[in-house]
Structure formats: structure tokens, C-alpha cells
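Structure record follows, encoded as C-alpha cells.
The values are calculated or read from the model by the stated rules, or taken from the named source; none is laboratory data. Quantities reported herein were computed from a predicted structural model and do not represent experimental measurements. Glycine gets a Cβ as well: all are built from the backbone with ideal geometry, and neighbour counts include every protein chain shown. What goes into the accessible areas is simple: the full protein's heavy atoms, side chains included, and nothing from ligands, DNA or RNA. Shrake-Rupley method; radii C 1.70, N 1.55, O 1.52, S 1.80 Å.
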Amino acid sequence: MEEEDDRMQNLRSKATELLLRKEFKDSIEAYSELISFYHDQISNTNQNLDSNKLKKSLCLALCNRAEAHLNLQEFPQALKDCNQASQIGNTHFKTLLCKGKILLSLNQYGLALDCFKKASLDDPHELENSETLNGYLEKCKKLEFLSRTGAFDISDWVVNKFQGKPPELAEFIGPIEIKKSEISGRGLFATKNIDCGTLLLVTKAVAIERAIFQESKEQAQLDMWKSFIDKVMESAKKCIRTRDLICKLSTGENEDHLEVPDIELFRPEAEDSTRFHDKKIDKEKLLNILDVNSLVEELISAKIQGKNSDVHGIGLWILASFINHSCDPNVRRSHVGDHVIIHASRDIKAGEELTFAYFDVFLPFKNREEKAKNWGFICKCKRCKLESGVCSNQEMMEIEMFLGKGLEMGGVVYRLEESMRRLMVRGKGKGYLRASFWQVYFEVYESERLMRKWGSKIPLMESVVDSVVDAVGSDERIVKLLMGRLKRKNGHNGNGFLEMEKAMKLGRGLYGKIMKKQTLKTILFQLGNQ
């Protein structure tokens, strides 16, 4: 008996030391051996006192092993240990605290909140942990509210010029669903009418890799890609749910025969669903999935202030990967921390497919066509169909030839508008073509000299802006033009109420409704000053 007690004590000391030294893999092995020892002892003892004592020790060992799994982000294994510990002592403070942290890491805010509330009632003597516990309680309440309402606000972080850690974001899925797409495979669709700027999706990356490209850019990109693949593979190995959801993504083949998954599977609360299957994913299949579905990171700090513009990132955001490309997109994305934020860049009707641009939609048709080929597809959106016909016209081809030949841009705009009139290009078609030649329009409307010369012969800037926004949504370059004109017209602070209201709507289309009006207004004036 004494020998067994010594062995138990040695195992417990070794496991505890390894955990404290943050040697988590070794501590898991040690705790596994200790847990097996406890199970053997419990099954062999007939004394209730010793049995109860051993069960308490087993509960603690399971909880500590869960902590080690949690630190390695092995969430399913950690949760399994906590559930086993709870069966032994379902009000054990440390078990409830650990399980709450695991559920919080899995974005299951409601369940995590329940654990922390139970922990706060469990043991009044745990005063040294009360501050930590209260912190988790407040964090859970905040994230649960954000996940339910989508009422995100990053104003303070923006005002502080993106200093410090990015704000904590919750997983959020708005009024969207997955359906068969006429564009390609499956897509995300609006389930109700959506206003410009409305938040539609906030989700964290399965994995993300970042690098600063200096010399040997090609080699740096290759190294970043290899590291990214390893991170995704590691995440897939750790979690059946992650692995199953990744397997639901397209490999680029048989798009029309792919299943349409229920969007409920992508909600964090579906973590324990029996609908997830333990699928195998080999490296070749993973490479094909990542090649089709990976997104380049577009940091909101880089968009607004150029901060971190030298940082390049690539990541996998599973649900966002269902969004198809269009040259007349209706959503935009930005990245905060490891999260991607998707919002409406213009008003969207119920049943309309969500689309964003895989490349710059202000490029002329031929340039966009080449970009699409590089991505491995042919864009068949309404805009490309219209422009493929119009831009093959001899008159339009001549206008494109004039670009970069030293011809005055006012003359180019005049000829372009006349050509659209003769070719009977109307409605949205005008917005499409104006977007394709945006740089020309921008140079004219930015120049007081050209405006004096051509003002009466070309359309008003406001009508051009409205048509382009209606066609392709908000864009920084449109806001820059509008705010620059507003500043010149009304002084440094800008006093044009109607113009400012239009600029604010464009701003919401740019960044979404994730900041206060005054913060957005400040950012818009910064764009106008650039």
C-alpha cells in the first residue's frame, strides 16, 4: 500500500511540475498515467472514504489534463476530460472554470456563461479566483450579446490609431443562408432585405499566416504558403468539426454536384452536433481546397491609415469561402485580428446572392478578364456580359487606345459619354463603364482647370458617383473624390449637409456599421485629405 502511495505521489508531482513548466504534451502523458492509476485504485477499493478521496483526486487530474489540452488548443479532448470530471463532481470549481474557458474558446458563449455562473456559486472560499472568474463572466456576457445582435463597435481602436491588441470580436451570422448558385457551385444568399453597411458575417480564421515581404518576395510568399498549409492541417487534425467543415468546401471540381450544407452547422452552438463526421483529409485534397478557398487578408488598419500595409496575410475563413466573385459586388470584407468582417456595400434584396470582388473592379474589362483567368475562372456577371459586347465596339476600343497617350482626360470623358449615348448604354450599364474608366473620371473631377473647361459638356460629378456606387458599391476612391470636393467647396470642416450625408452612407458601405458616426466622419475627412 505504501509503495502504491509513493507511486501515486511521484506521478502527481511529475504531472503537476510539467504543467507548471508549460510542457503540455509531456504533462498530458503524465496525467494520463496518473488517471489510469486512479481508475485502477477506485475499482479495487472497498472503503468509501478512500474511494471518495481517490475520486476527488481523479477529478482534479482530469481537470488538469483538460487545461493542458486547452493550452494546445485541443478543444474536443479538453472538453471530454472536463465532462468526465463533471460526472465525478459536477460542481467542482476548477472543472467548471476550465470547461467555461474551453467553451469560450469554441465561441459557445451561452454555455460558457452557464459554467462561469455555476462556478461563482460553487465555492465561496475561492476568493483568490474571484477576479479572474468575474473577468470571464463579463467577457462572456459581452461576446454573447455581440453574437446575438451583431452590434460591434471598434471606434475606440480606430480613434487610438489601431494601437494595442485588436478588439475582441464574437462569431456572428446574420440573415444569410447557403444555396445553389448560378455563378458557381454554392453561394451565400440574403434571407431578407438588407441596408447598406449592415453586418452579415463575422468569423474567425481556421488558420492564418502573415509575413512582411522585403527581399526575395517570391520566396517569402512560398514560405508563407507552406507554413499556412501546415497550420490548417494541424487545426484539422485537432477537431472533427473543423475537419468536416473544411471537407465541405470546393476543390474546384464537380461544382454543380456539391451538397448544400445547412448554415446552422457553422454556428458555434453546433459543436456537439452528431451531424459532424470524422472524415479523412489528405494533403492533396487540402491543397486543392486551400487553392480555391483561401483569402488574402485586407487589414482594416491598412485600408484606413495605411498602417501595417507592408504586412501580408493569407487565411481560411470557412463560411466566407462560399461567397462568389462578381464585378458588380454587393458586399465588402475587412479583417480585424484573426476575424473577417463581411458587410453590405450597397442595399441588397431578399434572395439576392452575396458577392465580393476577388480583384479590383475599377479595372477595365480586358484587365478584369485577364485577372479572372489567373484565378482560374471566366466571370459571367451582368457587368462583364454587357462590357464584353460594348468594349468590342471600334469606338470604345479607340477610346481605350487614347489612355496613356497624353490626351486630355476631359476629352476622354466627353468621348466616352458620347459613345455610351450612341451605343444606347443606359441605367446600370453607364455605372459599369464609368467604373471601368474611373481613373479618367477621377482626374477630371479632381482638377479645377478641367472642370472649368469641360464642366458643361460632361455629366455632373454627383450623377457619375451615384451611378458607379449603384453598379459596384462603395469604394475608397469614390469617397476620396467626394470628400475632396466637399472640402474645397465648404472649407476644411465641410458644411454641406446633403453631401456629408451621402458621404456617410458611402462610408458605411466601405467599412460597415462597426463604428460611431463621429469616428466614421473623422475617417472620411482623413480620406479626403490624402
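Compute, for Glu398, the solvent-accessible surface of its heavy atoms (probe 1.4 Å) with the complete set of protein chains present, and express it in square angstrom to the nearest 10.
Roll a 1.4 Å probe over it and Glu398 shows about 70 Å².
Protein chains only, probe 1.4 Å: how do Glu253, Glu448, Glu67, Glu352 rank by accessible area, largest first?
Values: Glu253 120, Glu448 95, Glu67 30, Glu352 55 Å².
The ranking, largest first, comes out as Glu253, Glu448, Glu352, Glu67.
Would you be so kind as to identify which of Gly135, Ser43, Ser345 lies farthest towards the positive end of the dipole of the chain, taking Lys and Arg as +1 and Asp and Glu as -1 on Cβ and the Cα centre as origin?
The residue sitting most towards the positive pole is Ser345.
Report Rg (one decimal) and Dmax (nearest whole number) for the range 104-209, counting Cα atoms only, units Å.
18.2, 62
Please state the relative contact order of the range 161-292 as a whole percent: Cα pairs under 8 Å, 6+ residues apart?
Relative CO of the range 161-292 lands at 26 percent.
Suppose a student asked you for the relative contact order of the chain, using Cα pairs under 8 Å spaced at least 6 residues apart; what percent would you report?
Numbers: 772 pairs, mean separation 67.9, N = 530.
Relative CO of the chain lands at 13 percent.
In µm²/s, what is D for the range 336-488 at 37 °C and 0.692 mPa s, where D = kT/(6 pi eta Rh) by Stokes-Einstein and Rh is the Kirkwood radius from Cα pairs? All intermediate terms of the calculation are to be shown ahead of the outcome.
Numbers: Rh = 16.7 Å.
Using the Kirkwood radius from Cα pairs, D works out to 196 µm²/s.
Tell me, what is the FRET efficiency for Asp310 and Glu395 to the nearest 0.05, using R0 = 41 angstrom and their Cβ-Cβ distance as r? Intermediate values should be presented prior to the final figure.
Details: r = 43 Å, r/R0 = 1.04.
Taking R0 as 41 Å, the efficiency between Asp310 and Glu395 is 0.45.
Could you state the angle between the C-alpha long axis of helix 461-472 and the longest principal axis of the C-alpha atoms of the chain, as a value from 0 to 90 degrees rounded to the nearest 10?
40 degrees
Once the range 400-530 is represented by equal point scatterers at the alpha-carbon sites, with solvent omitted, what log10 I(q)/I(0) does the Debye formula produce at q = 0.14, 0.19 Å⁻¹?
Once normalised to I(0) and log-transformed, intensities are -0.64, -1.09.
Let me cross-check Leu121: its accessible surface, 1.4 Å probe, with only protein heavy atoms counted, in Å² to the nearest 10?
Answer for Leu121: close to 150 Å² accessible.
Computed over the Cα atoms, what is the radius of gyration of the range 186-244 divided by 2.2 N^0.38 Å, N being its residue count?
Here the answer is 1.65, to two decimals.
By how many degrees, 0 to 90 and rounded to 10, does the Cα axis of helix 93-105 deviate from the longest principal axis of the chain?
Around 20 degrees separate the two axes.
Taking the 0 to 90 degree range and rounding to the nearest ten, how far is the long axis of helix 517-529 tilted relative to the main principal axis of the chain, both from C-alpha atoms?
The helix 517-529 is inclined about 50 degrees to the chain.
Note down the Stokes-Einstein diffusion coefficient of the range 142-260 in µm²/s, whole number, using a Kirkwood radius over alpha carbon pairs, 25 °C, and 0.890 mPa s.
Details: Rh = 17.9 Å.
The calculation lands on 137 µm²/s.
Can you give the log10 of the normalised intensity I(q)/I(0) at q = 0.07 Å⁻¹, computed with Debye over equal Cα scatterers of the chain?
-0.51
Nothing charged except the Cβ atoms of Lys and Arg (+1) and of Asp and Glu (-1): what's the magnitude of the dipole of the chain about its Cα centre? Round to the nearest 20 debye.
2560 debye
Residue by residue through the range 230-246, what is 3J(HN,Hα) from phi via Karplus (6.51 cos²θ - 1.76 cosθ + 1.60, θ = phi - 60°)? Round to whole Hz and write x for glycine and proline.
4, 5, 5, 4, 5, 5, 5, 5, 6, 9, 4, 4, 4, 4, 5, 5, 4
Tabulate in residue order the Karplus-calculated ³J(HN,Hα) for the range 365-372, using 6.51 cos²θ - 1.76 cosθ + 1.60 with θ = phi - 60°, rounded to whole Hz; enter x for Gly and Pro.
Using θ = phi - 60°, the values come out as 3, 4, 5, 5, 4, 5, 4, 4 Hz.
List the residues whose amide H sits under 5 Å from the amide H of Thr355, counting only those 5 or more places along or on another chain, with H placed 1.01 Å from N in the peptide plane.
The list, which skips near neighbours in sequence, is Asn330, Val331.
Relative contact order for the range 226-300 using alpha-carbon pairs under 8 Å, separation at least 6, rounded to a whole percent?
The normalised contact order for the range 226-300 reaches 43 percent.
Could you report the accessible area of Val412 in Å², rounded to 10, computed with a 1.4 Å probe on the protein chains as they sit in the structure?
The accessible area of Val412 comes to roughly 0 Å².
For Arg508, Arg332, write out the residues from largest to smallest accessible area, computed with a 1.4 angstrom probe and no ligands counted.
Sorted by accessible area, descending: Arg508, Arg332.
Which of His69, Ile208, Phe189 sits closest to the plus end of the dipole of the chain, meaning its Cα is farthest towards the positive end, when Lys and Arg get +1 and Asp and Glu get -1 on the C-beta?
Checked the options; the winner is Phe189.
Give the cross-link partners of Lys380 among the lysines, using a straight C-alpha distance below 17 Å as the criterion and excluding same-chain residues fewer than 8 apart.
Lys180, Lys366, Lys371, Lys428
Give the lysines reachable from Lys217 as a straight Cα distance under 18 Å; neighbours fewer than 8 places away on the same chain don't count.
Correct list for Lys217: Lys226.
Do any of Lys430/Lys487; Lys118/Lys139; Lys237/Lys279; Lys94/Lys118; Lys382/Lys513 go past 19 Å between their Cα atoms, and which?
Beyond 19 Å: Lys430/Lys487; Lys382/Lys513.
Quick one, what does Rg over Rh come out to for the range 273-423 if you take C-alpha atoms and the Kirkwood Rh?
A ratio of 1.06.
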